[in-house]
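The values are calculated or read from the model by the stated rules, or taken from the named source; none is laboratory data. Keep in mind that this is a model prediction, so the values were computed, not measured. Cβ atoms come from the backbone with ideal geometry, glycine included; neighbour counts cover every protein chain shown. Just so you know, the surface numbers come from the protein's heavy atoms only, side chains and all, with ligands and any DNA or RNA stripped out. Shrake-Rupley method; radii C 1.70, N 1.55, O 1.52, S 1.80 Å.
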Amino acid sequence: DVAPFNNQINMRVAALKSRERVSQASYSLSQKIRFFDTDNTYPQRILKAIANSSTATSCLDIYHKFVRGAGFTDPVLLAKMANKKETFAQLHFKISKDFATFTGYAIHVSYNMLLDVVAYHHVPFEHCRYEVDNETFYCKW
């Protein structure tokens, strides 16, 4: 009596096992970038999935708080402007959010004619792709 029931359970579990996910890198030779997934919308799908799930949003918020930490310890740096619109504290918040979500971040550094750094701008990580030639990061924004 018990044996057929156990076999039935085992068959169900075996049927539910998912296939191993194989990630294939695809490239756009015209743009010289490596896609995120086959359709190049992986970061956007992640953001949409997080936005549609209150559990994922809560988990990401907790992890973001952990990654962000206490911020900068130097009070002068906290108040210093990273660019015309935001302080380094605000820039740090955006960067840590990208890092918590995608395990990466991007910063655009602006220089003047004397090659002095004049501004730091956050680049949303979902706008960045790897360059095909040398596996460096390429951001289009």
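Classify the range 29-131: rounded, prolate or oblate, from the alpha-carbon gyration tensor (a ≥ b ≥ c, eigenvalue square roots; a/c under 1.5 rounded; otherwise prolate if a/b is larger than b/c)?
Verdict is oblate for the range 29-131.
On alpha carbon coordinates alone, what is the Rg over Rh value for the range 40-91, Rh being the Kirkwood radius?
1.14
Quick one: pull the percent of accessible area on the range 31-133 belonging to carbon and sulfur, 1.4 Å probe, ligands and nucleic acids left out.
Answer for the range 31-133: carbon and sulfur cover 61 percent of the accessible area.
Where in the range 104-119 does the label zone of residue 83 land, with the point 7 angstrom along Cα→C-beta and an amide N cut-off under 12 Å?
106-111, 118-119
Ignoring everything but the protein chains, give the 1.4 Å probe accessible area of residue 108 in square angstrom, nearest 10.
Taking all protein chains as shown, residue 108 has close to 70 Å².
Could you compute the FRET efficiency for residue 54 and residue 116, with r as their C-beta to C-beta distance and R0 at 41 Å, rounded to 0.05?
Computed FRET efficiency for residue 54 and residue 116: 0.35.
Taking the Cβ of residue 98 as the center, what net charge do the other residues with Cβ under 15 Å away carry, scoring Lys and Arg +1 and Asp and Glu -1?
Around residue 98, the surrounding residues sum to +2.
Quick check: from the Cα gyration tensor, does the range 81-124 come out rounded (a/c under 1.5), prolate or oblate?
In terms of gyration-tensor shape, oblate.
Could you pull out every residue, at least 5 positions away or on a different chain, whose amide H is within less than 5 Å of the one on residue 82? Hs are placed 1.01 Å off N in the peptide plane, and Pro or chain starts have none.
87, 88
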